[in-house]
Amino acid sequence: MAVTDRASSSTSAATGNGVTVSGRAWRALAVGSLGYSLMSFNTTATNLAFGDISADFSSASAGALSWVASIFFIGMASLLLVAGRVTDRIGRRRIFRAGLVTFAVGSALSAAAPSVYVLILARLITSAGGAMILPSSLAVVLPEFPKEKHPSAIALWSATGPLASALAPGLSALLLSVASWRILFLISAPIALVALVASFGSLAESQAENRSGTLDVLGVLIGTAAVASVVFGASFGSQEGWASPIIVGSFVAGVLLFPLLVLRCRRHPAPLLNLEVFTLPPVAVANVANMLLNFAGLATWLVWPLYFGRIWGFSKLETGMALLPGPILSGIVTAMGGRLTERFGHERLVRVGAFIATIASAWPLVFLRDEPHYLWISPAMGLFGMGWSLTQPPLNAGVLQRVSADLYGEVNASFNTVRNIAGALGIAVAVTMIGKETPAHPAAFYNRVFAVFAVSVFLCWVVLAFVYPRVSANARAQART
């Protein structure tokens with residue numbers, strides 16, 4: 001199977017600045033982006049509603065309630081690899097539609113859940129839908145665009161996540177002030193159905209040309225169990241205790257299963273992962289940078305709400321409004337990133353973005369205080385949103401540009417699996433360092449977490465600046481012809 005594909009798409013009418021994109025492609029991008037935005041909104045909304053859910057199911061144990069918050073993240077992270085592989089083999093539009101239906105069913109069942117255990121099951125169903133939507137929502141779109149326009153398509157698709165995250169805190173807080181937590185789940189169902197109906201007039205079916213061999217079921221089980229073990233340990237480590245047998249056992253299982261997965265993929269004719277692709281230097285290094293960036297990236301948006309609520313005494317609505325600079329600026333810059341990538345190349349953008357994100361992570365070390373002074377600290381969130389948007393989407397685009405169209409779903413799913421594992425580990429470290437008690441000098445206490453984040457993002461910049469392979473201007477021009 002070829003691992004690179006420099007051929008231009010047949011949908012382009014010209015090259016360079018004369019490339020045209022069909023109206024169907026833009027409609028496909030709109031539908032795919034709508035599906036992707038569902039997950040970003042759903043995750044944030046659930047975090048804000050957790051207190052109300054706990055009060056409604058007051059007889060449930062703390063352990064059961066913790067599963068409500070964690071099962072969506074664990075389920076989606078562990079199912080992404082197989083979802084990406086099946087997306088390319090069975091059909092991207094088919095998997096996208098199946099994901100939307102599953103997501104809608106899970107959301108409706110979550111809203112109607114009579115008990116915490118039904119809610120956990122419903123969230124697991126929703127996570128399965130999300131795992132199908134994430135890789136297919138982009139993979140079904142890219143074949144509609146000329147190859148040289150992929151960075152713009154990926155940037156616009158990526159922008160919908162931060163924008164949905166920007167809307168979620170404020171909208172969720174408003175809904176929770178006038179209605180039950182159940183409305184936050186219920187609202188996702190009709191949106192998923194709207195995307196489903198729209199897909200019938202805008203999405204064409206596509207799949208990998210090389211689909212020989214039967215999918216490795218044993219490899220799927222090993223890969224799913226490996227990711228689930230690591231994410232479970234990271235999600236529950238601070239609650240159960242890092243030395244507890246179940247947490248130690250989960251990490252040991254993950255450490256043992258990943259080498260087995262590699263061995264299985266090397267031997268099977270239709271493996272879960274095409275290792276030939278993932279050992280390519282650009283792809284391997286990009287995933288290292290991806291992990292370092294999102295170790296801090298996902299956890300940052302947990303630490304700030306905790307600080308605003310616990311230390312500064314912000315309400316849910318005030319917290320939601322306070323977080324807006326990061327996601328909004330991220331969405332705006334991400335939408336512009338595609339054009340910048342096409343003009344300057346993604347290698348320059350990711351280096352600049354990682355440097356800005358490093359400054360943003362270090363900003364609280366200088367300006368964070370125990371007493372509220374939001375105007376001084378808000379640049380940290382805005383800069384981080386900008387830095388992330390100049391790094392993550394272009395890096396994702398760069399990876400997809402270096403692989404065959406047969407592997408769009410698989411590679412995008414793997415890239416986001418790495419992101420989710422890194423995010424789970426970062427959140428686990430943050431929760432453990434912060435704890436449940438309010439410290440005497442919270443700014444200095446919380447700055448320990450931001451210092452760890454700053455180091456991680458700085459290392460991401462080092463990897464991208466000095467290790468990540470560069471593409472020459474001549475090679476880039478050749479790729480566009």
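The values are calculated or read from the model by the stated rules, or taken from the named source; none is laboratory data. Nothing here was measured: the structure is a model prediction, and the numbers come from that model. Don't worry about glycine lacking a Cβ; one is built from the backbone with ideal geometry, like all the others, and counts go over all protein chains shown.
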Name the residue that is nearest to the chain's Cα centre (by Cα), counting only residues in segment 226-259 that are polar (S, T, N, Q) and assigned to a helix (DSSP H, G or I). 235
In segment 143-192, how many residues are of a type in the set (Ser, Thr, Tyr) and over 15 Å from the mean Cα position of the chain (by Cα)? 5
Tell me the residue from 236, 251 that is surrounded by fewer than 22 Cβ atoms within 10 Å (Cβ to Cβ) and within 28 Å of residue 323 (Cα to Cα), please. 236
How many residues does segment 421-439 contain that are buried (at least 20 other Cβ atoms within 10 Å of the Cβ) and in contact with a Ser or Thr (Cβ under 8 Å, 6 or more places away or on another chain)? 5
Looking at residue 411, is it in the same structural domain as residue 466 (by TED's automatic domain parsing), outside any helix (DSSP H, G or I) and within 20 Å of residue 290 (Cα to Cα)? no
What's the total number of residues in segment 370-420 that are surrounded by 23 or more Cβ atoms within 10 Å (Cβ to Cβ), at pLDDT 90 or above and of a type in the set (Gly, Ala, Ser)? 2
Just a yes or no: is a residue in segment 195-204 aromatic (Phe, Trp, Tyr), free of Cβ contacts under 8 Å to residues at least 24 places away in the same chain, part of a helix (DSSP H, G or I) and over 16 Å from residue 82 (Cβ atoms)? yes
Every residue in segment 120-170 that is of a type in the set (Gly, Ala, Ser) and in contact with a Pro (Cβ under 6 Å, 6 or more places away or on another chain), please. 155, 158, 165, 166
Does residue 308 count as in contact (Cβ under 8 Å) with a residue 24 or more places away in the chain, under 22 Å from residue 450 (Cβ atoms) and surrounded by fewer than 24 Cβ atoms within 10 Å (Cβ to Cβ)? no
Is it true that some residue in segment 194-214 is at pLDDT 85 or above, among the basic types (Lys, Arg) and on the phi < 0 side of the Ramachandran plot? no
Out of 136, 152, which single residue is among the polar types (S, T, N, Q) and either surrounded by fewer than 24 Cβ atoms within 10 Å (Cβ to Cβ) or assigned by TED's automatic domain parsing to the domain that holds residue 420 (or both)? 152
Of the residues in segment 343-362, those that are touching a residue at least 24 places away in the same chain (Cβ under 8 Å), in a helix (DSSP H, G or I) and surrounded by fewer than 24 Cβ atoms within 10 Å (Cβ to Cβ) number 7
Do you know which residues across segment 87-110 are buried (at least 24 other Cβ atoms within 10 Å of the Cβ) and of a type in the set (A, V, I, L, M, F, W, C)? 95, 96, 100, 103
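Only one residue in 113, 77, 83, 131 is over 22 Å from residue 25 (Cβ atoms) and surrounded by fewer than 24 Cβ atoms within 10 Å (Cβ to Cβ). Which one? Quick ask: steps written out before the conclusion?
Values: 77 fails: surrounded by fewer than 24 Cβ atoms within 10 Å (Cβ to Cβ); 83 fails: surrounded by fewer than 24 Cβ atoms within 10 Å (Cβ to Cβ); 131 fails: surrounded by fewer than 24 Cβ atoms within 10 Å (Cβ to Cβ).
Sole residue among the options that is over 22 Å from residue 25 (Cβ atoms) and surrounded by fewer than 24 Cβ atoms within 10 Å (Cβ to Cβ): 113.
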The listed residue being polar (S, T, N, Q), in contact (Cβ under 8 Å) with a residue 12 or more places away in the chain and not in a helix (DSSP H, G or I), out of 391, 417, 438: 438
So which residues in segment 208-224 are buried (at least 16 other Cβ atoms within 10 Å of the Cβ) and under 27 Å from residue 124 (Cβ atoms), if there are any at all? 215, 216, 219, 220, 222, 223, 224
Segment 1-60 - residue that is at pLDDT 70 or above and part of a loop (DSSP other than H, G, I, E, B) and, of those, farthest from the chain's Cα centre (by Cα): 59
Check on residue 202, out of contact with any Leu (no Cβ under 7 Å at 6 or more places or on another chain), among the small types (Gly, Ala, Ser) and surrounded by 20 or more Cβ atoms within 10 Å (Cβ to Cβ): yes
